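Here the structure comes first, spelled out in structure tokens, and everything after it is commentary.
The values are calculated or read from the model by the stated rules, or taken from the named source; none is laboratory data. This is a predicted model, so every value here is computed, not measured. So basically every Cβ, Gly included, is an ideal-geometry build from the backbone, and we count neighbours across all protein chains shown. Heavy atoms of the whole protein, side chains included, go into the accessibility calculation; ligands, DNA and RNA do not. Shrake-Rupley method; radii C 1.70, N 1.55, O 1.52, S 1.80 Å.
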Amino acid sequence: MNRRWQDGKCRCRWVNPDNPLYVKYHDEEWGKAVFDDQKLFEMLILESFQAGLSWECVLLKRECFRMAFDQFDPEKVSRYGEEKVAQLMENSGIIRNRRKIEAAVNNAAVFLRIQQTYGSFSSYLWGWTEGKSLHEQNLTRSPLSDAISDDLKKRGMRFVGTTIVYSYLQAVGVLIGHEPGCYLE
């Protein structure tokens, strides 16, 4: 059972009560349905940078990521060349991993192709669940994340393994994963 916080609410155990930014993310963003393509792109890129790290680490750098990646405009990111990649590698405000940076550029181009095919990335993503949020708890992957991961890889995306995709689906509200006892469950 989740413990009651000073504000009287119970939250998921993974939330760090000493980090107001993390609490705000849990309370206002995580698990809320997102249909805006730019926000979907932002979260996809941030989740790929999380691989091997904690979400809290990425969240603390999100504003720097936004500035470094042109507010996550997929058109702009898809056109990044070696000079921009080198510039990003020097940016101490973000996670400086060349493979992840190059994957972000690559994935932006794939994201745009998916938009062209489906009319929006949102239509593609939410089409997997017929526009409905599903409730799942205490998992790190599922048949849905396996299928979407496989499809994104076939389309050419990188750093979109099933665990990353599962976290992404939770972040953008396709999957609702608040723990039992959380006031948002």
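With a ≥ b ≥ c the root eigenvalues of the C-alpha gyration tensor of region 1-160, is it rounded (a/c under 1.5), prolate (a/b larger than b/c) or oblate?
In terms of gyration-tensor shape, oblate.
Using 7 Å Cα-to-Cβ label points, what is the Q71/T140 separation (nm, one decimal)?
Between Q71 and T140, the simple spin-label model gives 3.7 nm.
Given the options G127, S149, Y168, identify the residue whose Cα lies farthest towards the positive end of the charge dipole of region 116-185 (+1 on Cβ of Lys, Arg; -1 on Cβ of Asp, Glu).
My answer, from the dipole projection, is S149.
With label points built 7 Å along Cα→Cβ from the Cα atoms of R155 and R99, find their separation and express it in nm.
Once both label points are built, they end up 2.3 nm from each other.
With the cut-off at 1.5 for a/c, could you classify region 68-185 from its C-alpha gyration tensor as rounded, prolate or oblate?
Here region 68-185 falls in the prolate category.
If you rank C12, C57 by how much accessible surface each has, with a 1.4 Å probe, what is the order from largest down?
Highest to lowest solvent-accessible surface, that is C57, C12.
Mean Kyte-Doolittle hydropathy of -0.5 or higher plus an axial Cα length of 15 Å or more: which whole DSSP H helices in the chain meet both?
37-50, 98-118
Could you please report the charge total around N91, scoring K, R as +1 and D, E as -1 over all other residues with beta-carbon less than 11 angstrom from its beta-carbon?
Net local charge, N91 excluded: +2.
What lysines could a cross-link reach from K132, if we take a straight Cα to Cα line under 21 Å and drop same-chain neighbours fewer than 8 places away?
Result set, ordered by chain and number: K32, K39.
Is the shape of region 23-75 rounded, prolate or oblate, going by the alpha carbon gyration tensor and its root eigenvalues a ≥ b ≥ c, with a/c under 1.5 for rounded and a/b larger than b/c for prolate?
Note, shape of region 23-75 comes out oblate.
Give, as a single signed number, the net charge of other residues whose beta carbon lies under 10 Å from the beta carbon of V160, with Lys and Arg counted +1 and Asp and Glu -1.
0
What's the carbon and sulfur percent of the chain's accessible surface, probe 1.4 angstrom, rounded to a whole number?
Accessible surface attributable to carbon and sulfur in the chain totals 49 percent.
As a check on your grasp of the helix formula, calculate [θ] at 222 nm for the chain: sum -39500 (n - 2.57) over DSSP H runs of n ≥ 4, divide by the residue count, round to the nearest 500.
The helix contribution divided over the chain gives -15500 deg cm²/dmol.
Within 13 Å, Cβ to Cβ, of H135, how many net charges do the neighbouring residues add up to if Lys/Arg are +1 and Asp/Glu are -1?
-2
Using θ = phi - 60° and the Karplus relation 6.51 cos²θ - 1.76 cosθ + 1.60, list the HN-Hα couplings for region 120-128 in order, rounded to whole Hz, with x at every Gly or Pro.
6, 5, 4, 4, 4, 5, 6, x, 5
Quick check: pseudo-label points 7 Å beyond the Cα along Cα→Cβ at D27 and M89, how many nm apart are they?
Spacing of the two 7 Å Cα→Cβ label points: 4.2 nm.
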